[in-house]
DNA sequence: GTCTATAGGTAGATAGAC
DNA sequence: GTCTATCTACCTATAGAC
């Protein structure tokens, strides 16, 4: 596990404990993340989550009032984590390209909780019709955060001449799409298939001058 | 709609009519593709498909024996389409890089049935636990096709000096991951957001010499 | 605190009407 | 051919036992 993804996981857990103070709730959520990400919202039965957490089916309802309720909290956490990861990278020492390099290294790490976020965000936003209204609302609100931190980095990098002078928004969209695609490949195939280096992934960003 | 994606769609429809000879079956499948890709396997109700196709819920069972049955046929078609698209590109005139350029143009086109395939493959393979055993078997069998046609193109391109001299398998995996990530972004956001040019996407493939 | 039992609702699949 | 009615099974959520 890379230093980068460890740092992001630490950040995530910090935020996790702040957003979900109760330990029992956290235990269920940790297990539910795993199940949801494998089966999706509709495909996940409360029994699956309960069994994985070592509880009876009915007991889950002492902590959450519905399946949607659990899902919304996880979805919110995932989006927070996505925003925070870019924010954290943007606050590091170094040039913009170095920061993005660091972030990419974290994302590409085969371990790390951050991978699960991306997967969930992807999976659920794709099947977005089925997700609760509340989750859609949260999504609208928070999906822009990663871009808020990424865009200034790209623009600064362009001014420094280390990032190619294309439209910054297009570059951001391309970056997150690429990362998401690689994340999906990772979760589908495990960590034993060949994977691109950070340098290869960031070719499209680097200035050719 | 680009010439490239039109060509792939024509190929797809050809294969579609060969694999599903009955017109009624095809009508249901065309509608089911759309619903499955929006809601996933578990989230799709037979009623949704029936309504979209303009039938009653029960009528669907005159054509297919179960929901899984419909899904398996679509999944198979999607994987066939994925393999055929790369095969088709590899048989075009031109240098390997030109062929991959053509293929990428087809994939990035906002319209075109091919986009739906990718989305479905992605979505369902990601939530793979929930899909029927038969679909998993088909997946194992056909998922390698795109690589079979992509790898020789990359190797030839490397020999010609137009493609960077990195491990061909890594480059292939990176390519399909990238395309998949962009496809997801497309279906999530529609065609009105900025999107990278083919040149930008293929930066990581181009020889720097 | 945690489980078991169950009520109530939903959806897949079938069968019989028109 | 196509629809309506229904049977059955499963799942969510609750309520009450220990």
Quiz item: Counting partner chain Cβ atoms within 10 Å of every residue's Cβ in A:128-137, what's the average?
Solution: 2
Quiz item: Can you give the FRET efficiency for residue B:47 and residue B:148, using 1/(1 + (r/R0)^6), R0 = 41 Å, r = Cβ-Cβ distance, to the nearest 0.05?
Solution: 0.55
Self-check item: Euclidean distance between Cα centres, region B:142-193 to region B:50-87, Å
Solution: 27 Å
Self-check item: With Cα atoms, 0 to 90° folded angle of helix A:67-90 axis to chain A main axis
Solution: 20 degrees
Practice problem: Would you kindly work out the equivalent ellipsoid of chain B from its C-alpha gyration tensor and give its semi-axes, the square roots of five times the eigenvalues, largest first in whole Å? | Solution: 33, 17, 16
Quiz item: Quick one: label points 7 angstrom along Cα→Cβ at residue B:92, distances to the other copies in nm, smallest first?
Solution: 3.8
Quiz prompt | Paramagnetic reach from residue B:129 in region A:72-89 [backbone N under 20 Å; point 7 Å along Cα→Cβ] | solution = A:72-78
Quiz item: Can you give the FRET efficiency for residue B:17 and residue A:155, using 1/(1 + (r/R0)^6), R0 = 56 Å, r = Cβ-Cβ distance, to the nearest 0.05?
Solution: 0.65
Quiz item: Nearest beta-carbon of B to the rotation axis carrying it onto A: which residue, how many whole Å?
Solution: B:181, 1
Quiz item: Hey, got the average number of other protein chain Cβ atoms within 10 angstrom for residues in B:175-187?
Solution: 6
Quiz item: Quick one: helix A:23-43 against the long Cα principal axis of chain A, what's the angle to the nearest 10°, folded into 0 to 90?
Solution: 80 degrees
Quiz item: Contour minus end-to-end for residue A:56 and residue A:191, with contour as 0.36 nm per residue of separation and end-to-end as the Cα-Cα distance?
Solution: 45.3 nm
Exercise. Over the whole of A:36-45, what's the average partner chain Cβ count within 10 Å per residue? Rounded to a whole number, please.
Key: 5
Quiz item: Placing a label point 7 Å from Cα toward Cβ, how far apart in nm is residue B:66 from its equivalents in the other copies, listed shortest first to one decimal?
Solution: 3.0
Exercise. Can you tell me which of B:170-177, A:173-180 comes out highest on packing, and rank the rest after it, using the mean Cβ neighbours within 10 Å?
Key: A:173-180, B:170-177
Quiz prompt | Global form of region B:14-82, assessed from the alpha-carbon gyration tensor, a/c cut-off 1.5 | solution = oblate
Self-check item: Between helix B:3-19 and chain B: long-axis angle, C-alpha atoms, 0 to 90°, nearest 10
Solution: 40 degrees
Quiz prompt | 16 Å cut-off, amide nitrogen to a point 7 angstrom out along residue A:1 Cα→Cβ, residues in region A:23-50 | solution = A:30-31, A:34
Quiz item: Can you give the Rg and Dmax of the protein assembly as shown based on its C-alpha atoms, in angstrom?
Solution: 21.8, 65
Quiz prompt | Label point 7 Å beyond Cα along the C-beta direction, distances from residue B:34 to other copies (nm, shortest first) | solution = 4.0
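Run the helix sum for chain A: -39,500 (n - 2.57) per DSSP H stretch of 4+ residues, divided by residue count, reported at 222 nm to the nearest 500 deg cm²/dmol.
-23500 deg cm²/dmol, from helical runs alone.
Laboratory data are not the source of any read-out in this text; all were calculated from the coordinates shown. A quick note: this is a predicted structure, and the numbers were derived from the prediction, not measured. As a convention, Cβ positions derive from the backbone with ideal geometry for all residues, glycine included, and neighbour counts pool all protein chains shown.
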